[in-house]
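The values are calculated or read from the model by the stated rules, or taken from the named source; none is laboratory data. All figures in this text were calculated on a predicted structure; none of them were measured in a lab. Cβ: placed from backbone, ideal geometry, glycine included. Neighbour counts: every protein chain shown.
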Amino acid sequence: MNSIQQAIRTIVKKMKNEDVQVRLQAIMAIQRLDLAIVNTSILRRVIKEAASSFPKSVAKWDDPCAQLLQFVCQYEDEALLPLLTRYYPRFSSAGQDLVMLYACRLGPKKAKSSMLYMLQMYIPTQQVRLPVSELMMQPSWLSELVPMCISYIDDPYYSFAFHQLLEAALEIGAFSIQQHEVRYQIYEKYKKLLYSIMEYNEAYSEVFVYHAWRASYLAVRTELCLYIRMMGHCTREEVEALLMETLNLKDPVIRTYGVCTLIHLGIAVEQECLFSCATNIESAYLLYTELHRKNKAYLYPIGNKMEHLVKSFLFYYLLEHEECGMVPSDIEVMSAMKQEQYTNVKVRYRFAHTDWLQKGWLIAEIILLKTEPIEVYTDFTCFAIEGETSTGAF
């Protein structure tokens with residue numbers, strides 16, 4: 001252990017050097033340390049060093065505190081939690097994030113008291129960034145955290161994250177809002193955001209939403225849809241009229257969440273409305289997955305749904321793909337080859353944007369696994385093709 005101690009002492013000393021190149025060497029050295037076991041006393045010493053002072057950072061990577069804690073957090077040892085909790089406010093922001101993730105990974109049985117202490121102490125000072133995705137992957141946390149966080153549900157800094165945790169808790173039955181006053185706050189926020197969305201309604205188009213309006217519209221829509229889903233855990237009498245308002249919107253994503261929430265509450269929705277969601281490229285795949293999630297897949301209004309699901313899946317894939325990031329002007333299914341376990345679909349697409357016009361039609365290969373719900377994957381190939389037309393594969 002003496003050699004390990006000496007190596008870490010040398011690394012820490014270099015991390016405190018004013019020369020950024022020396023610090024870089026130290027950071028690379030700590031990243032290369034690959035030890036199966038490290039004595040707890042050494043890890044404690046590293047934690048204390050992480051809480052000490054370092055030269056002013058010159059770049060995101062130049063964060064000795066986070067690098068030291070990254071080393072510590074490789075080793076799951078609940079005995080380290082009291083010290084991590086004690087020094088938490090002295091860590092860098094990235095270091096604090098690592099501590100929260102570490103406690104989350106250890107789980108409620110080992111880290112409950114430390115996690116709750118950090119939240120109670122540092123939420124009021126906004127020194128906590130909740131690892132929402134990780135917490136939602138461990139539902140056992142939700143019954144502990146949601147009751148404590150509910151009083152901060154309107155805090156501007158934490159509101160969206162706490163609502164996400166609340167929704168996750170509602171989904172697994174770890175919390176109920178049917179008799180809780182927080183539901184009235186949800187209704188009011190829903191009304192406010194719906195009013196904001198209405199300002200865009202008449203001019204709604206896919207191109208505006210994902211390009212010109214991207215910065216202003218998508219965040220509002222995401223939050224509104226969160227409240228719509230949570231309203232599915234309220235009483236029908238209180239939310240039916242509110243949810244019916246979503247059916248008049250041009251935005252197919254909001255309309256789909258409204259439809260699925262109404263169905264979940266046992267409220268009839270016109271077949272025409274379901275059909276419009278199932279055939280819209282923005283909402284076809286969303287409707288399919290949401291109905292499956294609510295065990296209502298039999299209500300999907302189209303028997304031959306594959307073509308709509310493929311186009312909808314590719315639409316979002318292209319929007320999020322780093323080489324594209326824009327709305328396609330056309331998507332056509334060219335052929336489908338059915339195998340025992342999957343269907344291989346060839347799809348062509350093109351963009352109207354001037355940077356892509358000369359490329360013409362491009363191709364994607366999409367795999368549909370024969371499961372319920374259907375799982376979709378893509379082998380994204382990007383090359384120009386000529387002289388090929390749709391074969392009406394489905």
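Among the listed residues Pro139, Pro156, Pro147, which satisfies the condition of being over 23 Å from Leu69 (Cα atoms) and free of Cβ contacts under 8 Å to residues at least 24 places away in the same chain? Steps first, answer last, please.
Values: Pro139 fails: free of Cβ contacts under 8 Å to residues at least 24 places away in the same chain; Pro147 fails: free of Cβ contacts under 8 Å to residues at least 24 places away in the same chain.
Result of the check over Pro139, Pro156, Pro147: Pro156.
Report, by residue number, each residue of segment 200-231 that is touching a residue at least 12 places away in the same chain (Cβ under 8 Å), among the β-branched types (Val, Ile, Thr) and within 25 Å of Leu165 (Cα to Cα).
Correct list: Val220, Ile228.
Could you tell me whether Arg86 is part of a helix (DSSP H, G or I), charged (D, E, K, R) and touching a residue at least 24 places away in the same chain (Cβ under 8 Å)?
Details: part of a helix (DSSP H, G or I): yes; charged (D, E, K, R): yes; touching a residue at least 24 places away in the same chain (Cβ under 8 Å): no.
No, not satisfied.
Is segment 232-239 home to any residue that is free of Cβ contacts under 8 Å to residues at least 12 places away in the same chain, of a type outside the set (Lys, Arg) and in a helix (DSSP H, G or I)? Lay out the reasoning, then the answer.
Going residue by residue through segment 232-239, those that are free of Cβ contacts under 8 Å to residues at least 12 places away in the same chain are 237.
Filter once more, so that each one left must be of a type outside the set (Lys, Arg): 237.
Filter once more, so that each one left must be in a helix (DSSP H, G or I): 237.
Yes, some residue in segment 232-239 is free of Cβ contacts under 8 Å to residues at least 12 places away in the same chain, of a type outside the set (Lys, Arg) and in a helix (DSSP H, G or I).
Please determine whether any residue of segment 185-193 is of a type in the set (Ser, Thr, Tyr), in contact with an Asp or Glu (Cβ under 9 Å, 6 or more places away or on another chain) and not in a helix (DSSP H, G or I).
Scanning segment 185-193 turns up no residue that is of a type in the set (Ser, Thr, Tyr), in contact with an Asp or Glu (Cβ under 9 Å, 6 or more places away or on another chain) and not in a helix (DSSP H, G or I).
Buried (at least 22 other Cβ atoms within 10 Å of the Cβ), modelled with pLDDT under 95, of a type outside the set (Val, Ile, Thr) and within 21 Å of Ile366 (Cα to Cα): does that describe Tyr288?
Values: buried (at least 22 other Cβ atoms within 10 Å of the Cβ): yes; modelled with pLDDT under 95: yes; of a type outside the set (Val, Ile, Thr): yes; within 21 Å of Ile366 (Cα to Cα): yes.
So Tyr288 fits the description; yes.
Kindly list, by first and then second residue, each pair from a residue in segment 326-339 that is in contact (Cβ under 8 Å) with a residue 40 or more places away in the chain to a residue that is surrounded by 18 or more Cβ atoms within 10 Å (Cβ to Cβ) and polar (S, T, N, Q), limited to pairs with Cβ atoms under 8 Å and residues at least 6 apart or on different chains.
Within 8 Å, the pairs are Ala336/Thr343.
Of all residues in segment 127-176, how many are outside any helix (DSSP H, G or I) and either closer than 21 Å to Ser114 by Cβ or at pLDDT 90 or above (or both)?
Filtering segment 127-176 for residues outside any helix (DSSP H, G or I) gives 127-131, 138, 153-158, 172-176.
Then keep just the ones that are either closer than 21 Å to Ser114 by Cβ or at pLDDT 90 or above (or both); that gives 127-131, 138, 158, 172-176.
So the count comes out to 12.
Please find, within segment 378-394, the residue that is modelled with the highest pLDDT out of those that are surrounded by 13 or more Cβ atoms within 10 Å (Cβ to Cβ) and under 15 Å from Leu309 (Cα atoms).
Thr378
Restricting the search to segment 331-363, which residues are within 14 Å of Glu307 (Cβ to Cβ) and not polar (S, T, N, Q)?
Ile331, Glu332, Val333, Met334, Ala336, Lys338, Val345, Lys346, Val347, Arg348, Tyr349 - these are the residues of segment 331-363 that are within 14 Å of Glu307 (Cβ to Cβ) and not polar (S, T, N, Q).
Please count how many residues of segment 156-182 are over 24 Å from Met137 (Cα atoms) and among the charged types (D, E, K, R).
Residues in segment 156-182 being over 24 Å from Met137 (Cα atoms) and among the charged types (D, E, K, R): 1 in total.
In the list Leu314, Leu249, Leu318, which residue meets the criterion of being within 23 Å of Val209 (Cβ to Cβ), in contact with a helix residue (DSSP H, G or I) (Cβ under 7 Å, 6 or more places away or on another chain) and in contact (Cβ under 8 Å) with a residue 24 or more places away in the chain? Before the answer, list the steps.
Values: Leu314 fails: in contact with a helix residue (DSSP H, G or I) (Cβ under 7 Å, 6 or more places away or on another chain); Leu318 fails: in contact with a helix residue (DSSP H, G or I) (Cβ under 7 Å, 6 or more places away or on another chain).
Among Leu314, Leu249, Leu318, only Leu249 is within 23 Å of Val209 (Cβ to Cβ), in contact with a helix residue (DSSP H, G or I) (Cβ under 7 Å, 6 or more places away or on another chain) and in contact (Cβ under 8 Å) with a residue 24 or more places away in the chain.
What pairs can you find where one residue is in segment 108-128 and within 16 Å of Ala161 (Cα to Cα), the other is part of a loop (DSSP other than H, G, I, E, B) and aromatic (Phe, Trp, Tyr), and their Cβ atoms are less than 6 Å apart, with a gap of 6+ or different chains?
Gln126/Tyr157
Can you tell me which residue within segment 197-209, out of those that are surrounded by 15 or more Cβ atoms within 10 Å (Cβ to Cβ) and assigned to a helix (DSSP H, G or I), is farthest from the chain's Cα centre (by Cα)?
Once the filter is applied, the top-ranked residue is Tyr200.
Name the single residue, out of those in segment 26-47 being loosely packed, with under 14 Cβ neighbours inside 10 Å and not hydrophobic (A, V, I, L, M, F, W, C), that is nearest to Leu81 (Cα to Cα). Give the derivation first.
Pass one, segment 26-47, residues loosely packed, with under 14 Cβ neighbours inside 10 Å: 28, 31-37, 39-41.
Restricting the remaining residues to those that are not hydrophobic (A, V, I, L, M, F, W, C) gives 31-32, 34, 39-41.
Numbers: Gln31: 22, Arg32: 24, Asp34: 22, Asn39: 15, Thr40: 11, Ser41: 13 Å.
Among them, the one singled out is Thr40.
From (1) over 21 Å from the mean Cα position of the chain (by Cα); (2) crowded, with 19+ Cβ neighbours inside 10 Å; (3) at pLDDT below 90, pick out the condition that doesn't hold for Pro124.
(2)
Please list, ordered by first then second residue, the pairs with beta carbon atoms under 9 Å, 6 or more apart or interchain, first in segment 272-285 and on the phi > 0 side of the Ramachandran plot, second surrounded by fewer than 18 Cβ atoms within 10 Å (Cβ to Cβ).
Note: no pairs meet the criteria.
Among (1) under 20 Å from the mean Cα position of the chain (by Cα); (2) without any contact (Cβ under 8 Å) to a residue 24 or more places away in the chain; (3) buried (at least 22 other Cβ atoms within 10 Å of the Cβ), which single condition is Leu262 missing?
Of (1) under 20 Å from the mean Cα position of the chain (by Cα); (2) without any contact (Cβ under 8 Å) to a residue 24 or more places away in the chain; (3) buried (at least 22 other Cβ atoms within 10 Å of the Cβ), only one is false for Leu262: (1).
Of all residues in segment 18-32, how many are assigned to a helix (DSSP H, G or I) and either touching a strand residue (DSSP E or B) at 6+ places or on another chain (Cβ under 7 Å) or among the charged types (D, E, K, R) (or both)?
2
Would you check which residues across segment 293-318 are farther than 17 Å from Val253 by Cβ and either among the basic types (Lys, Arg) or outside any loop (DSSP other than H, G, I, E, B) (or both) and list them?
Filtering segment 293-318 for residues farther than 17 Å from Val253 by Cβ gives 295-299, 301-307, 310.
Hits for segment 293-318 are Lys296, Ala297, Tyr298, Leu299, Lys305, Met306, Glu307, Val310.
Which one is farthest from Gln120 (Cα to Cα) among residues in segment 137-183 that are of a type in the set (Ser, Thr, Tyr) and surrounded by fewer than 17 Cβ atoms within 10 Å (Cβ to Cβ)? Let's see the steps before the verdict.
Initially, segment 137-183 is screened for residues of a type in the set (Ser, Thr, Tyr), giving 140, 143, 151-152, 157-159, 176.
Filter again for surrounded by fewer than 17 Cβ atoms within 10 Å (Cβ to Cβ), leaving 140, 143, 151-152, 157, 159, 176.
Numbers: Ser140: 19, Ser143: 16, Ser151: 11, Tyr152: 11, Tyr157: 15, Ser159: 16, Ser176: 22 Å.
Filtering first and then ranking leaves Ser176.
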